[in-house]
Structures are given as structure tokens and as C-alpha cells.
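Asks: The structure that follows is given in the form of C-alpha cells.
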Amino acid sequence: MMDFMKSAAAIAASILIVACGGRPAAVAAESGGQEAGVNPLNLRRTTLIVRDIENSLALYRDALGMTVEYDQELTSPGLATRAGADGTNRSRLVLLKANNDYIGMLGLWQFLDQTEKDKAGPDAADFTPGEIVLLFNADNLDEAFPAAAAVANVKVIGEPHLRKYPSPAGDIEVMVSMLVDPDGHTIELNRLVSDPRRK
């Protein structure tokens with residue numbers, strides 16, 4: 001557990017951000033921790049448990065273009081629900097970013113001492129409670145979708161098509177595509193076409 005806590009502390013120290021627009025802690029403290037009208041909470045990162053991190057990197061790093069910011073092996077002996085071969089629960093954690101250093105990052109976490117459950121195939125993506133949908137805005141959707149669809153073990157649910165979302169200002173038009181990653185996580189890749197709320 002101590003090794004895991006040290007690793008987690010190293011990650012936190014290297015990131016050193018707060019949920020105040022990604023501003024340093026000193027700046028946040030000077031302004032009372034929050035600017036007027038700003039939600040004090042940022043969704044920092046979503047971490048996916050994966051079976052084969054290299055296969056996941058082929059999708060998120062190579063096909064979608066995310067950048068690796070952290071890649072280390074950890075131990076988590078305190079995770080009693082795991083059943084590592086030697087009880088230390090060795091794992092590899094990779095953190096990737098899109099276009100922001102502080103929010104919207106993606107974690108890929110693979111346990112290296114794998115159990116039978118770790119090796120089992122993913123559940124079907126059936127949009128039931130307990131599942132997630134990762135949404136990526138891709139200005140380069142015409143290139144990103146075929147690159148992602150070509151990655152081993154990625155399943156295509158729907159190719160890019162125009163979808164309209166109602167709003168009081170008129171329909172928001174988005175090119176939407178849907179895929180499932182090698183571990184069963186659903187991904188929406190989309191590109192905004194028009195948004196009448198911004199006119």
C-alpha cells in the first residue's frame with residue numbers, strides 16, 4: 001500500500017493543480033478559492049481499467065492523437081478485491097491528455113498480475129446503467145474515425161452521420177459516430193457542424 005501511496009503522491013505532486021480553472025493553488029487562495037460564477041469543481045480525469053494497455057494506446061494515443069503525460073508501474077497491495085500472484089497487485093498506469101493539461105485527461109490502468117476475470121472478454125455495449133460513454137470532439141473526424149475503427153478489437157456501432165439536438169435557439173447539428181474500445185467502453189466521436197446558441 002505504501003508503494004501505491006507514494007506513486008499516487010508523485011502523480012499528485014507532478015500535476016499540482018486545483019479545481020479552480022486549473023490555476024495554481026496560490027492564485028486560488030488569493031481569490032478565496034473561487035471566481036464569481038465559476039463552478040469550483042473540474043472533472044479532472046476518467047480512468048479506464050483495461051486488459052491490454054498497448055492495445056488501448058493504439059486507439060487513444062495512436063489513432064485519436066492523445067499525448068502520454070505519465071507512464072509508470074505501480075503496486076497496490078492494499079486492494080483486497082484484487083488477487084495478484086504475489087499480493088502486491090502490480091499495475092501500469094498511463095495518463096493521456098487531449099488539448100488541456102489539467103482537465104479531460106484519460107487514464108489507462110492495467111493490472112499486470114491478471115485474474116481470470118481480467119482476461120475475460122468485455123460485456124456488450126448495451127447502454128444500460130453502470131456503463132459509460134466517452135465523448136470526444138474531433139475537428140478531424142474524417143481522419144480520426146477511420147483510424148480508430150481500424151484498431152484491433154474496436155467495434156463500430158455507427159459511422160459518422162448528422163444528428164440534430166433540439167435547443168430553444170434551434171437545432172444543434174453534430175456529426176456523430178459511435179465505437180466500442182477493446183475493453184467494452186463506448187466512445188462517441190463527434191464534430192460540431194452548427195450551434196445556433198453561439199450566434
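Asks: Once phi is turned into θ = phi - 60°, what whole-Hz ³J(HN,Hα) does the Karplus curve with 6.51, -1.76 and 1.60 give for every residue of the stretch 143-151, x standing for Gly and Pro?
Replies: Rounded to whole hertz, the list is 9, 5, 5, x, 5, 5, 5, 7, 6.
Asks: Principal axis extents for the stretch 42-199, Cα atoms only, whole Å, descending order, please.
Replies: Extents along the principal axes, in whole Å: 59, 31, 29.
Asks: Using amide H atoms built in the peptide plane, which far-off residues or other-chain residues are under 5 Å from D113 H to H?
Replies: R90
Asks: Taking only the alpha-carbon atoms of the stretch 49-137, what semi-axes of the equivalent ellipsoid follow from 5 times the gyration tensor eigenvalues under a square root, in whole Å, largest first?
Replies: Numbers: eigenvalues 115, 65, 28 Å².
Ellipsoid half-lengths, sorted descending, are 24, 18, 12 Å.
Asks: Starting from the coordinates of the alpha-carbon atoms of the stretch 111-199, obtain the Kirkwood hydrodynamic radius over all distinct pairs and give the value in Å to one decimal.
Replies: 14.8
Asks: Give the lysines reachable from K164 as a straight Cα distance under 29 Å; neighbours fewer than 8 places away on the same chain don't count.
Replies: K97, K155, K199
Throughout, read-outs are computed from the coordinates displayed, never taken from laboratory work. Quantities reported herein were computed from a predicted structural model and do not represent experimental measurements.
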